[in-house]
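Q: Have a look at the structure that comes next, please.
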Amino acid sequence: MEVKIKPVELIELFYDLIFVYAISKLTALISEPVGGIVPLYSFFAYLITSFVILQAWLYFTNYVNRYGQWKWHEYVLAAVNMIAVIYMANTISPDWSSMAFVFDLTMLILLLTVVILYSVHAKREHSMVGAAGNSITILLVVCTIYIIAIISSLVGFTDYVIWINVVAVLTGAFLPFFIRGKFDKSIISFPHLVERFELLTIITFGEAVVGLTHFFDTTQFNFVPILVFLIVLTMFGSYVVQIHNLMEHHRVERSLRLMFSHYFVVISINLVTVALELIHSGEVNHLFASALMIASLIIFYLSIMANKAYYKENIKLTKKDIIEMLIVTVIGIAIILIFISNLYAFLIGSLIMTFGNFAILLMKQKGV
């Protein structure tokens, strides 16, 4: 089967920048610890909001990947989509009740723009049987759930809205497994989709660096900002080697693994940033910050390694590689936990985890 090649247009990069702005605003939900820790509800709200925003990005990206030709109506609806995202981002607040109505309303607008795009294509094909028809059905179900959430906000059932959002996220994620229809995977451009995820992730890394620039205090020099930067840099290096260099992009693939894993890649990068900011503030429980950092790094590496199924034919992750990755991870965790209140131990332990895994992946790339 011939691989579909599709270039990434500049408007798509602009679109990604808007969404990364929204994602960066999410740290406001978990950046204010209470009693040294982030409350469980705030963490839950952060995760659900993250999934909602990333799912909105994926809905539009999937349409562009499958059918986008960037005709005038696609530009118009992309603009409407981006305006809604900015409004959505500016609603984000630790007080869910104050953001729920506008947040869900903008999400509904985002989804409807994609429904219109798929409908135009289905009309052009004179068919609702294929992937376009499937997507319209799924999106209309999800739209209905968000309408219920909006009505619940209006009538005062705000406490239930976040759970309705959970249902919407789960429905959008799992309904495609039940509504399959005549899906032709040849309409998917795997190389284009990989490039879009790479762009989104790279911009997220950029936002992480911007968020950590306050470590670089020009009035006094120490090694803290250097270690912080090296942690982010080696995470980025690990991502590039694993996703860009070791994977075979020239393939025909449904790419569900790639999609779902990148939800967690983006979220874990944000959580690493939050953990570094919390530990630097000195107003956080050290055990909590350490656990957050460890969990975030583990999720990050498990998420990128989930894509080993897409490796090039001559590359294989061996048992020896896995053992080595486990060893450097355990050593890093041990240093963080043994010297639980020491900032340098926190940073050095984290760097051992990121640099160690990066080095192993880099050797895999070089065939060592």
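The numbers here are math on the coordinates, done by the rules we state, and not lab data. Note that the structure is predicted; figures quoted are calculated from it, not measured. All Cβ positions, even for glycine, are placed from backbone atoms using ideal geometry, and neighbour counts span all protein chains on display.
Q: Name the lysines eligible as straight-distance cross-link partners of LYS319: C-alpha to C-alpha under 27 Å, and not fewer than 8 places from it in the same chain.
A: Qualifying lysines at Cα under 27 Å: LYS308, LYS364, LYS366.
Q: With the contact rule set at Cα under 8 Å and sequence spacing of 6 or more, what percent relative contact order holds for the chain?
A: Once normalised by length, the contact order is 19 percent.
Q: Sticking with this structure for a sec: By a straight-distance test (C-alpha under 12 Å), which aspartates and glutamates pair with LYS6 as possible cross-link partners, with residues fewer than eight away in the same chain excluded?
A: LYS6 reaches GLU195.
Q: Between ILE226 and GLU9, what is the label-point separation in nm under the 7 Å Cα-to-beta-carbon projection?
A: 4.7
Q: Can you pull a Stokes-Einstein diffusion coefficient for the range 301-361 at 37 °C (0.692 mPa s), Rh from Kirkwood over Cα pairs, as a whole number of µm²/s?
A: The calculation lands on 262 µm²/s.
Q: Here's a follow-up. When the helix-only estimate is applied to the chain (DSSP H runs of n ≥ 4, each -39,500 (n - 2.57), divided by the residue count), what is the mean residue ellipticity at 222 nm, nearest 500 deg cm²/dmol?
A: -25500 deg cm²/dmol
Q: Moving on. Using the Kirkwood radius over Cα pairs, work out the Stokes-Einstein diffusion coefficient for the range 20-76 at 4 °C and 1.567 mPa s, in µm²/s as a whole number.
A: 96
Q: What is the extension gain from ASP184 to GLU313, computed as 0.36 nm multiplied by their sequence separation minus the C-alpha to C-alpha distance, in nm to one decimal?
A: 44.0 nm
Q: Going by the alpha-carbon gyration tensor, a ≥ b ≥ c the square roots of its eigenvalues, is the range 139-231 rounded (a/c under 1.5) or, if a/c is not under 1.5, prolate (a/b greater than b/c) versus oblate?
A: Oblate, because a/c is 1.5 or more while a/b does not exceed b/c.
Q: Still on this structure: Could you give the length gained by full extension between MET363 and LEU337, i.e. 0.36 nm per residue of separation minus their alpha carbon distance, to one decimal place?
A: Full extension of this stretch gives 6.5 nm more.
Q: Please check: in the Gaussian network model of the chain (C-alpha springs, under 10 Å), which one of PHE236, PHE174, PHE221 has the largest mean-square fluctuation.
A: Of the options given, PHE221 has the highest mean-square fluctuation.
Q: How big is the range 190-366 on each of its three principal axes, counting only the C-alpha atoms and giving the largest first in Å?
A: 51, 32, 26
Q: Could you work out, for the range 10-186, what percent of all Cα-Cα pairs fall into each 5 Å distance bin, beginning at 0 Å and stopping at the bin that holds the largest distance?
A: Bins of 5 Å from zero give 1, 8, 17, 20, 19, 15, 10, 6, 3, 1, 0, 0 percent of pairs.
Q: Hey, another quick one. To the nearest Å, what is the center-to-center distance of the range 179-241 and the range 139-173, using C-alpha atoms only?
A: Using only Cα atoms to place each centre, the spacing works out to 30 Å.
Q: Which helices of the chain meet both criteria: a Cα extent of 18 Å or more along the helical axis and a mean Kyte-Doolittle score no lower than 1.0, with helices taken as whole DSSP H segments?
A: Working: long enough: 10-25 (23 Å, 1.39); 40-67 (41 Å, 0.79); 72-91 (29 Å, 0.93); 96-125 (43 Å, 1.23); 131-154 (34 Å, 2.09); 158-178 (30 Å, 1.56); 190-211 (31 Å, 0.96); 224-239 (23 Å, 2.23); 256-281 (38 Å, 1.40); 286-305 (28 Å, 2.06); 319-338 (28 Å, 1.99); 343-366 (34 Å, 1.25).
What comes out of the filter, once short or polar helices are dropped, is 10-25, 96-125, 131-154, 158-178, 224-239, 256-281, 286-305, 319-338, 343-366.
Q: Between the alpha-carbon centers of the range 292-368 and the range 26-83, tell me the distance in whole angstrom.
A: Between the Cα centre of the range 292-368 and that of the range 26-83, the gap is 28 Å.
Q: Among the lysines, which have Cα under 22 Å from the Cα of LYS123 when same-chain residues fewer than 8 positions away are ignored?
A: LYS71, LYS182, LYS185
Q: If I model the range 225-327 as equal point scatterers sitting on the Cα atoms and use the Debye formula, what is log10 I(q)/I(0) at q = 0.10, 0.12, 0.21, 0.23 Å⁻¹?
A: Summing over Cα pairs of the range 225-327 leads to -0.33, -0.47, -1.15, -1.28.
Q: Please compute one quarter of the surface area of the Cα convex hull for the range 90-161 and express it in square nanometres. Can you show the working numbers first?
A: Details: hull surface 20.8 nm².
If I average the Cα hull's projected area over directions, I get 5.2 nm².
Q: Please work out how much length the chain gains when fully extended from HIS244 to VAL210, using 0.36 nm per residue of separation minus the C-alpha to C-alpha distance, in nm with one decimal.
A: The HIS244-VAL210 span can extend by a further 9.9 nm.
Q: A further question follows. Using a 10 angstrom Cβ neighbour count of at most 14 plus a DSSP loop assignment to flag exposed GluC sites (Glu not before Pro), which longest range of the chain is free of such sites?
A: Excluding the exposed sites themselves, the longest stretch runs over 10-282.
Q: For the chain, what is the Kirkwood hydrodynamic radius in Å, using each pair of distinct C-alpha atoms?
A: 21.7
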